[in-house]
Amino acid sequence: MAAPLSYLGVGLDRPRVGVFEFTSCEGCQLQLVNNEATLLDFLNLIELVNFREAMSERSDDYDIALVEGSISRADEVARLKEIRTNARLLVALGSCACFGGVNQLKNRFGDLDWVKKKVYGDFPIASQEVRPLADFVAVDLMIYGCPPKKEEIEKVVTNLVVGKKVAMPKYPVCMECKANENICLFTLGEPCLGPITRAGCDAWCPNHRRGCWGCRGPAEAANVRELEAIMARHGFSREAMLDRLECFGGFSSQVAALRGQPRRPRKARSSKRS
Amino acid sequence: MIFATFSKKELPRLFDLLAPNTVVGPVQKGLDRAGRPLYDFDVIYRFQDLRLDYPTTIHSAKRHFLPHRESLCTFTLQGNDWEKQVDYNVYKPVVFFGLHACDINALNKLDKVLSSPPYPNPYYTAKRRNMFIIGQGCQPQPQCFCRSMGTDTALHGFDLFLTDLGDRYFAEILSATAYQFLQKIITRPPTAKDHDRYKEVVTERNQQFQTTVDTTDLTKLLDLEFESAAWQQWGDKCLSCGTCANVCPTCYCYGVEETVDLDLRGAAKTKYLYSCNLIDFAEVAGGHNFRPQTATRLKYRYYHKHRGFVEAYEESLCVGCGRCGEACLAGITVPDVLASVRALGG
Ligand code: SF4
Ligand code: SF4
Ligand code: SF4
Ligand code: SF4
Ligand code: SF4
């Protein structure tokens with residue numbers, strides 16, 4: 001049994017944490033066990049009671065549910081609702097959970113039966129339109145990113161444990177990119193969604209000379225119209241911009257506005273809610 | 001002011017004499033998409049990396065005296081007791097090799113806020129007091145409008161200022177330290193010919209300015225044009241990204257973040273530079289945002305630079321370096337904004 005937690009002489013409860021996955025690549029979960037240098041300190045802050053990727057115990061008695069993945073099957077909806085009932089705090093971990101993530105790209109095709117046939121042939125498999133967690137249950141906190149930065153997860157968990165406010169940056173990635181004094185990718189001739197994407201990743205991609213793909217979703221004042229003009233001025237096509245905007249699902253409402261109408265038939269959307 | 005001239009061959013020797021300190025100067029940082037060289041300030045280890053012919057830099061030299069993130073203090077916690085550690089982050093004097101007049105004037109402006117009563121900032125002041133500044137004459141770029149802002153020459157705030165006369169430098173010596181360093185290289189007092197050449201070079205340089213800003217009665221104009229439609233027009237374009245403040249040599253706004261270490265045995269207070277264009281710049285405890293509209297935030301950036309600061313210090317908080325306009329992806333530049341406010345308001 002680990003020693004009791006305390007901060008400045010005040011005893012703290014170690015929250016019981018369950019980690020769950022839905023439709024995802026498990027990359028966000030992997031981040032939880034990443035960063036060996038701080039892993040023991042991280043694990044010391046919480047009591048893990050359910051984490052398929054890292055342990056065999058399975059308990060339904062947890063305070064915090066860290067939920068990875070999007071919802072793409074009816075049985076996932078039922079399991080998510082159960083987690084919601086058990087958890088005091090339900091955290092959407094990563095882009096799939098927050099926005100649908102890369103998985104929601106399939107929604108672009110409109111005819112989902114055709115998609116299923118293309119991928120699985122005649123193999124019988126349950127699959128429906130990909131939706132974020134918040135379409136089915138109340139989500140208390142979102143940790144953005146594909147994957148989120150481990151440092152950010154550590155900060156969120158520390159703040160939850162000591163009872164400090166958890167706040168995500170509201171400004172866009174450019175702010176961090178400029179603080180790192182990168183040369184702007186537009187100057188180098190590459191597109192970037194940094195001006196409209198929520199910061200917090202420390203401009204991960206631009207730091208490595210890759211344009212942002214918007215995995216963290218929109219910043220709180222995302223001027224998509226102006227970005228469209230900027231892309232055009234720099235010679236990038238509208239589709240090239242839409243490709244990026246659609247990649248992680250965070251900009252779905254902006255994309256719908258840009259395309260002039262929702263791409264998929266109405267009934268596909270409503271029939272999947274229950 | 002004491003003047004001297006010295007051969008260009010002496011400059012590497014001066015560099016070597018100063019090299020035991022941290023030397024910061026302009027370097028080339030690759031090429032843009034059209035193959036044009038890009039420059040920025042960085043720590044210089046070899047004289048040949050120094051690019052004194054630089055037109056301008058993408059970012060100002062700010063991170064060397066106002067870092068984007070800086071630890072204000074850390075705490076070591078033990079039981080219910082704690083110990084505070086403060087570090088002004090000054091380890092070695094920093095030599096700034098080749099600052100243009102605008103950037104020297106930017107430091108002079110920052111001094112008025114950050115090194116003066118009532119609240120001198122020890123982190124900034126400690127770094128400022130440990131600087132040795134070598135200024136260098138510039139070639140005005142199309143976006144430069146320092147002449148309109150009265151910051152195209154530096155009268156103080158440097159140790160040594162060099163003007164390129166072709167095969168030799170004309171040096172203005174402003175500090176005893178600079179004088180002593182010049183004793184260690186070969187210099188000579190300037191002749192009448194040097195004076196003439198200096199005046200020629202400076203006149204030639206002054207004829208190259210292409211951009212001007214009409215600052216006549218600007219503070220009053222801004223007061224009158226508080227409701228101008230121009231603000232909304234620029235606000236519609238603005239990305240609320242903070243790039244303008246980040247590249248600006250005089251923007252000093254900041255936030256403070258308090259963090260607890262993962263092992264709960266330490267904590268830290270960290271200062272990070274912020275920008276008045278960011279959506280929550282004027283958000284207060286309880287969640288009320290005094291400036292939720294982008295256009296309002298953009299307007300207040302201009303009000304601070306060109307009105308509020310002028311009323312407080314009788315000078316603008318903009319040195320006309322043009323960096324913000326160059327870096328702004330939405331193409332929002334100070335000359336354009338101020339001209340449109342003047343024109344639309346008429
Ligand atoms: S590279 Fe991207 S994130 Fe960085 S400043 Fe340019 S647009 Fe912004
Ligand atoms: S730069 Fe953009 S795509 Fe890359 S991690 Fe950050 S938010 Fe995601
Ligand atoms: S003026 Fe330009 S650089 Fe400044 S916040 Fe607006 S878009 Fe960004
Ligand atoms: S506001 Fe723009 S032009 Fe003025 S000093 Fe700052 S970066 Fe330079
Ligand atoms: S208020 Fe805006 S313009 Fe003024 S110093 Fe702060 S960030 Fe710069």
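Here are a few things to note about the model shown:
- Per-residue [θ]222 nm for chain B (sum of -39500 (n - 2.57) over DSSP H runs n ≥ 4, rounded to 500): -8500 deg cm²/dmol
- Debye, to nearest 20: dipole size of the protein assembly as shown, +1 on Lys, Arg Cβ, -1 on Asp, Glu Cβ: 1100 debye
- Label zone at B:Arg265, where the point sits 7 Å out along the Cα-to-Cβ direction: the range A:19-54 residues whose backbone N lies under 12 Å: A:41
- Cβ-isolated cysteines (cut-off 4.7 Å), chain A: A:Cys25, A:Cys28, A:Cys96, A:Cys98, A:Cys177, A:Cys184, A:Cys192, A:Cys201, A:Cys205, A:Cys212, A:Cys247
- Helical contribution to [θ] at 222 nm, DSSP H n ≥ 4, -39,500 (n - 2.57), averaged over chain A, rounded to 500: -10000 deg cm²/dmol
- Judged by the gyration tensor of its Cα atoms, with axes a ≥ b ≥ c, the range A:173-259 is oblate; a/c meets the 1.5 cut and b/c is at least as large as a/b.
- Simple spin-label estimate for B:Val202 and B:Leu344 gives 4.0 nm between the two label positions (7 Å along the Cα-to-Cβ direction from each Cα).
- Estimated FRET transfer efficiency when R0 is 22 angstrom, pair A:Arg238-A:Asp113 (beta carbons, to 0.05): 0.15
- Take chain B and mark each of the GluC sites (Glu not before Pro) that is in a DSSP loop with at most 16 other Cβ atoms within 10 Å; the longest unmarked stretch, sites excluded, is B:1-226.
- Per residue, the convex hull spanned by the alpha carbons of chain B comes to 178 Å³.
- Average beta-carbon neighbours from other chains, 10 Å sphere, peptide B:85-93: 0
- Paramagnetic label zone (point 7 Å from Cα along Cα-to-C-beta, B:Glu258; backbone N under 15 Å) in the range A:141-168: A:159-160, A:162-167
- Working from label points 7 Å from Cα in the Cα-to-Cβ sense, the B:Leu224 to B:Ser116 distance is 2.8 nm.
- Hypothetical label at A:Asn159: residues of the range B:57-88 whose amide nitrogen lies under 20 Å (7 Å Cα-Cβ projection): B:69-75
- Each residue, B:Gln210 and B:His64, gets one label point 7 Å from its Cα in the Cβ direction; the gap between the two is 2.8 nm.
- FRET E, pair B:Glu315, A:Ser59, Förster distance 60 Å, beta-carbon r, rounded to 0.05: 0.35
- FRET efficiency, B:Val284 to B:Gln48 (Cβ-Cβ, R0 51 Å, nearest 0.05): 0.50
- Other protein chain C-beta atoms within 10 Å of residue C-beta, averaged over A:154-164: 2.
Here, each number is a calculation from the coordinates, and none is a lab measurement. Computed from a predicted structure; not experimentally measured. Every residue, glycine among them, receives a Cβ derived from its backbone with ideal geometry; neighbour counts consider all protein chains shown.
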